[in-house]
Structure formats: structure tokens, C-alpha cells
Amino acid sequence: TSNADLPPGDPVMYQLDVTLRRGQNLAARDRGGTSDPYVKFKLGGKEVFRSKTIHKNLNPVWEEKACILIDNLREPLYIKVFDYDFGLQDDFIGSAFLDLTSLELNRQTDVTLSLKDPHYPDHDLGSILLSVLLAPREEQREATMLMRKSWKRSSKVTFSIPVVPVLMYSTSLWSPVSADYNPMIILQCTFCSLLWFQTQSLRLSDLHRKSQLWRGIVSITLIEGRELKAMDANGLSDPYVKFRLGHQKYKSKIMPKTLNPQWREQFDFHLYEERGGIIDITVWDKDAGKKDDFIGRCQVDLSTLSKEQTHKLEMLLEEGEGYLVLLVTLTASAAVTISDLSVNSLEDPKEREEILKRYSPMAVFHNMNDVGFLQVKVIRAEALMAADVTGKDSDPFCVVELNNDRLLTHTIYKNLNPEWNKIFTFNIKDIHSVLEVTVYDEDRDRSADFLGKVAIPLLSIQNGEQKAYVLKNKELTGPTKGVIYLEIDVIFNAVKASIRTLMPKEQKYIEEEDRLSKQLLLRNFIRMKHCIMVLISAANYISSCFDWDSPPRSLAAFLLFLFVVWNFELYMIPLALLLLLAWNYFLIVSGKDNRQHDTVVEDMLEDEEEEDDRDDKDSEKKGFMNRLYAIQEVCVTVQNILDEVASFGERIKNTFNWTVPFLSWLAIVALSVFTIILYFVPLRYIVLVWGINKFTKKLRSPYAIDNNELLDFLSRVPSDVQVV
């Protein structure tokens, strides 16, 4: 039966299962007479699905599935097809509408939609083939039955209700209903509103839980490529690899001028489906200033791999040449949970004892990736910003993130002082991670509105203390409206955390793309200039000693020079750095540290925030810069190099300034060990051990990931911008 006769206020939630089959005779938008098509589904102006891109094909086959929740069948599904253009604005191919009221419930239907362009209605732009299945949501039915049972149980209670006009809620509008002299009308209207709100809240909470709690972790190590296709005029390529599992994406580093690249990169994806999933892998050749060349693709079907076992895969590239060598491991995940305040692991003596035992000093060599345990209580927020159309309320929910782990609370509707009372637990892989808690306003018609954010380094957390955190803006450079109350506990193994500090840092796969910013470029230039000026000042100081500008200082420097050169031993280098750390620690402890707070970086960040606001307003206008992608890419590269160099110098300075005490203590331990080793062990033996280790590393562990312990350590030290 058709859904055309459904009443407009029908509160039933529907699930639309769509399989995007293929496209036929799509319009060519590229110079070569082809297109690189992909498809977007939109509902109520909000994008709900985006397909992968099929390159150089006018009859693409996708076979991708999407599950879309529908609460208003009279709102059609808007389907748009685009041609992907790297670095430029994507070309529009055509669009179509799917009328949901014409679909039959619980019946699979094949649909062919002809694509049209409103500006050229007579042009034949091809067609899209879909399979659709529309069905009511079972969760909504269960919630309705639960509310009905609750209503029956409470029907014997006597109510005393004043005679007042009541607002009855509909999914489409608010309308005043007169309830003069009839208490039952008031009861029915109140119950309808309560039923809708409770069902809506229960439904969203259920969906959040189903979509966010991952059932396992897919650990992928990209080892190498073999015999890749040459895409450049010199007979070589500059290959990099893109991975995608659902909404999760990862991009490898670029290996210049090689057909047999050695990546040695490791990263993790979350596994949400019990039956596994498919990882899409594409290989590209980097071309500066123009569209990157496609080398080949392959897929990994996780449902065919056994769990708790490392699989070495040699994947043949389709639509191209060569192989990729991967290591893939599937492991179960039980460390991430969501619960109410009544279910508290750390308040249960047995569970707390078990957690403390798991991270005790005796368990150092058990599961080196499991560094610690984090529990976050999201209690409530106060005085939030009003983001709804009325300007009086918001529908707030919280997103709690730790690196790539991301969990959500339920939504509290029409409330600026929400109480969530939820507990989140995470597995800590790196004690130098930053916990991010972001508050959003849920909006059914478009993406959620940002209300505020806090970022808390794990090492700065005081266990068991409920604190009110002032919400900040997206860049964390200034406050916004509202506070959030959190109680956080961190339990970790210090030895594991120290060892993990010397390993590569986990890379986030959800990151904003770099964009050209005049203010950011200026900021990085000033930071770089500041680091260079420090070196120039040191050189001028030494030069002044040579010139005897201050005789006492020059005499002391001369005697020190004679003593050090005559008695120099290699162990004195780490000893000097050790003394510098100890001296700065003494200044801090004794209260004699008179270093001024760096307000220059704060001022630059505030200016940059204002520029970002202007950029956001102009982002929808595709200007001339989009056509000059080559220039932009060079500028972004220069901007990032300045940032890297400046950050490197600032991190060295902040190590000795005790900005992060844990890391400074770790440096003291390491320098003490190096000093003792260099004092007692001849240099030739140290060089011999280092060389043997380097030469035999590949033989002992063929798939080991190359890393530099010193650079990995410095990557954990915050730069001046991160400190601010």
C-alpha cells in the first residue's frame, strides 16, 4: 500500500535502505570525454550520504548501501551527481528527486531516475539506478508500546489540573488548542507531547549508541608497494595511498620518485559492524599544481579475515599495475563504554582493584599499547548559547573525543542547562593525548551548531575532582557562552607511558585540510623569526666575549673555554643539558622564574580567529583562488614548513622550561643514563652497538616501522601555539 494517505502529524519513524546500483550514460564533464562521478543524497537540505568516486567512467557501478532515517515522508530524497575535479570546484552532472510517498512499505523496489539540470531541462544527462526499501523503525514502535504501558499503569492516578490553554505539538507546526472545561483534552495533549519527546530522545540515544560503539579495531601497517605504474615523464611516480572504511579515512605520506615505495606506516580504524566491512584502497601519483594521477585500487574484505591474528596481504592493484603489501590485524575492543552515573567502574571496589592491578608496575610487559584507563563523567552544562530559530533554547548534546575515539551523549531538548549524567570510559594509548569535549546543538534540518569546546591534556587531570570548565571557541583561543561540569579519572602505567613516548604518535584520520591563510602564514613567519633571533642573540653574546666588551665576563668565558677543551669528554654534553634542566627546575620551585607570559602568540591567534570568521562567511563563494590551486599549494607548503621548523625550536625550549613536567623528568632520566653510559663506556663500543642495531634491524624485524626516538619524544612536547 502507498504512504500517500498518511496523516501529516504521523510521528512514526521510517528507515530507508538505499542501494546505489549504477549510473547509465552520464554526461561527460572532463576534456577526455569522460567524468569522475560520485553521488550525494540530501534530505531536508542536509547531506546524508556520499558515494565513492568512480574514475573515468560514464557507466559507473557503485553497489553501495546507505541507511537513512526518515521522519517526514513528504520530504523527497534529493539525489545529485557530480564530476570530481581535484583542487577545483566539482562539476555538476545532474540531479533527481525520489518521492518517498510513492513507495510501498516493506517492499524492495528498483527505481531508475533520469538526471536533469534546471538550467538545461532538455539535455539528456543520463540516469541513476537504485534499489530502495522503506520500513517503519522497530525501535520507535517499542518506545510507543512502552509509553502506552506506562500510561495504562498510571491511568488510575487522580489528577488535579487547572483549566488553561495548551499547546499541542506536531512534527510540522505548533498550534494553540483550546481546552476549556475539559481536563481530559489537557491530559491527551500533554501525553501526546510527552510521548513524542520521549520517543524522539529514546530514538536518538539508541541511534547514537548503535552508530558509535565500535566492536573492534582494525590495525593496518602499510609496508611497501611493488612494481607500480610509472605516471611521470621520467619513468617514475610519487605514490601515496588513501584508505577508507566507512566514514574513516587515512592518507599515507608521499614517497618521491620511486616505483617500489617503502612506507612502513601504521594506523588503526574502528570496526563498527560484526560481520566486518570493506576497506577501499586507492593509490595515487602526486603532481604539484595539477590533478593527481590514479595508479590503481584494491579492496580488503574484513569478513574473510580471522580475528586476533596478523595477516600479511599482497594486494594486486586493479585498473593499474603493481602490488601493495599490508599487515592487517583485527582485535576485539572492550575498553570503550557508555553508562549512566549509577554504573561507575571506579566506585566498585573489585573493579577498581582490577583496573589498578592492570596498570600496576608489575604489569609493564603486558600489552604495551594499553597504557592506561580514562573515565569521564559528563554531568551537566549551564548557561549555554541559544542556537534555535526562536533564539531562546538549544537542543544540546556532547561529543567526547580522545584521539580517534569519539562518543556522544543523548540530546536534551529545549534546554540551556542540560543534565546528561553519563560516564564514558576509554583505553589510553598515549598519555600525552588531549581529551576534547564539544557541545553541539542538534538541528534536524542541517548539520549541528557548535556551542563550545574544552581541551584537557590527560597529564593535567586531577583525579576524582568535579570541575567547571568554561567553554571556548573552535580554535580554543577565547571563551564562548556557558560552562560544563566534568569529573575525570586517569589511571596509567608510567613505565609503559614513557616507552610509548618514544614510539610514533597516533595520527588522527579526521582532520581539517590545510588551507591558505595570510594570518597563519604571518604567524609562522614571526615564530620562525623568533627562533632565529634566539640563535642570533646567542651568537652575539659569544662574539661579545671575544671582543671583551665586558672584561669580567670575557675572562670567565676564557677560563671556562680552557677548562672544558682541556678536560672535554663526550659525557659532558648530556651532563650540560641535564644541568640546564635542573637549573630551570630550581628556578620554578624557588619562585624565581621571571619568564614573561608570551602574549604575542595569543594576539596573533585572536587575529587569526577573526580572519577565520571572515573566511567562513566567504567560503561558499568560489573565488579566483580556487583556480590558482598550484600557487595555493606552494604557499600552503611554505606555511607548513615554517610551522614545522618553528614548532621544533619551541618544543626544544619547552622541554627545558618544564612546560610538561612528565616529559622534563623523562628527559632527566634519559640524560642521566646517557651521561653514565658515556662516562663508563668508550665511544667506540657505543658506536659499534648502534651500528650493529641499525644493520640488523631489518633482519630481526622485516616489517618494523622506522622511527626516530628523539623526534617522537619532541612530538609530544607542545609548541608555544599549542600551549596557549
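Quick notes on this structure:
- Of all the criteria given as (1) within 30 Å of the chain's Cα centre (by Cα); (2) open to solvent by 50 Å² or more (accessible area, probe 1.4 Å); (3) not hydrophobic (A, V, I, L, M, F, W, C), the one not satisfied by ASP90 is (2).
- LEU516 vs. criteria at pLDDT below 80 and either among the β-branched types (Val, Ile, Thr) or surrounded by 15 or more Cβ atoms within 10 Å (Cβ to Cβ) (or both): yes
- If you go through segment 592-616 and keep only what is under 26 Å from LEU671 (Cα atoms) and either surrounded by 10 or more Cβ atoms within 10 Å (Cβ to Cβ) or modelled with pLDDT of 80 or more (or both), you end up with just ASP593.
- The set of residues in segment 258-303 being modelled with pLDDT of 85 or more, part of a loop (DSSP other than H, G, I, E, B) and of a type in the set (A, V, I, L, M, F, W, C) consists of LEU259 alone.
- Note on segment 260-283: among residues that are open to solvent by 40 Å² or more (accessible area, probe 1.4 Å) and not polar (S, T, N, Q), the one that is farthest from the chain's Cα centre (by Cα) is ARG275.
- Residues of segment 326-348 that are farther than 28 Å from VAL300 by Cβ, of a type in the set (Ser, Thr, Tyr) and at pLDDT 70 or above: none at all.
- Residues being part of a helix (DSSP H, G or I) and out of contact with any Pro (no Cβ under 9 Å at 6 or more places or on another chain) - total across segment 470-505: 6
- Segment 535-568 - residue that is closer than 28 Å to ALA670 by Cα and surrounded by 11 or more Cβ atoms within 10 Å (Cβ to Cβ) and, of those, modelled with the highest pLDDT: LEU560
- Filtered residues of segment 441-497 (kept if in contact with a helix residue (DSSP H, G or I) (Cβ under 9 Å, 6 or more places away or on another chain) and among the basic types (Lys, Arg)): LYS474, LYS496
- Residue count for segment 665-708 under the criterion of being in a helix (DSSP H, G or I) and of a type in the set (Gly, Ala, Ser): the result is 4.
- Those residues of segment 342-381 which are over 30 Å from LYS472 (Cα atoms), among the hydrophobic types (A, V, I, L, M, F, W, C) and outside any loop (DSSP other than H, G, I, E, B), in sequence order: ILE355, LEU356, MET362, ALA363
- For segment 403-445, the set of residues classified as among the acidic types (Asp, Glu) and under 18 Å from VAL371 (Cα atoms) consists of ASP405, ASP430, listed by residue number.
- Cβ-Cβ under 6 Å pairs, at least 6 apart or on other chains, segment 286-313 side open to solvent by 50 Å² or more (accessible area, probe 1.4 Å), far side of a type in the set (Gly, Ala, Ser) and assigned to a loop (DSSP other than H, G, I, E, B): SER303/GLY276
- Pair list, Cβ < 6 Å and 6+ apart or interchain, from segment 654-674 residues that are within 18 Å of ALA576 (Cβ to Cβ) and open to solvent by 50 Å² or more (accessible area, probe 1.4 Å) to residues that are of a type outside the set (D, E, K, R) and assigned to a helix (DSSP H, G or I): PHE674/PRO574
- Evaluation of LEU577 against (1) in the same structural domain as PRO661 (by the TED database); (2) modelled with pLDDT under 80 (one fails), failing number: (2)
- Within segment 688-698, not a single residue is modelled with pLDDT of 85 or more and open to solvent by less than 90 Å² (accessible area, probe 1.4 Å).
Okay, residues lined up against (1) closer than 25 Å to GLY246 by Cβ; (2) modelled with pLDDT under 85; (3) surrounded by fewer than 18 Cβ atoms within 10 Å (Cβ to Cβ):
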residue	(1), (2), (3)
LEU26	no, no, no
LYS46	yes, yes, yes
ARG50	yes, no, yes
ILE54	yes, no, no
ASN57	yes, no, yes
TRP62	yes, no, no
ASP71	yes, yes, no
ASP99	no, no, yes
ARG107	no, no, yes
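- For segment 28-44, the set of residues classified as among the hydroxyl-bearing types (Ser, Thr, Tyr) and buried (at least 19 other Cβ atoms within 10 Å of the Cβ) consists of SER35, TYR38, listed by residue number.
- Annotation: PRO718 fulfils all but one of (1) closer than 27 Å to VAL328 by Cα; (2) modelled with pLDDT of 75 or more; (3) in a loop (DSSP other than H, G, I, E, B); (4) open to solvent by less than 60 Å² (accessible area, probe 1.4 Å); the unmet one is (1).
The values are calculated or read from the model by the stated rules, or taken from the named source; none is laboratory data. Since we're looking at a predicted model, the values are computed, not measured. Here the Cβ is made from the backbone with ideal geometry for all residues, glycine too, and neighbour counts use every protein chain on show. Heads up: the accessible areas ignore ligands, DNA and RNA and are worked out on the full protein's heavy atoms, side chains in. Shrake-Rupley method; radii C 1.70, N 1.55, O 1.52, S 1.80 Å.
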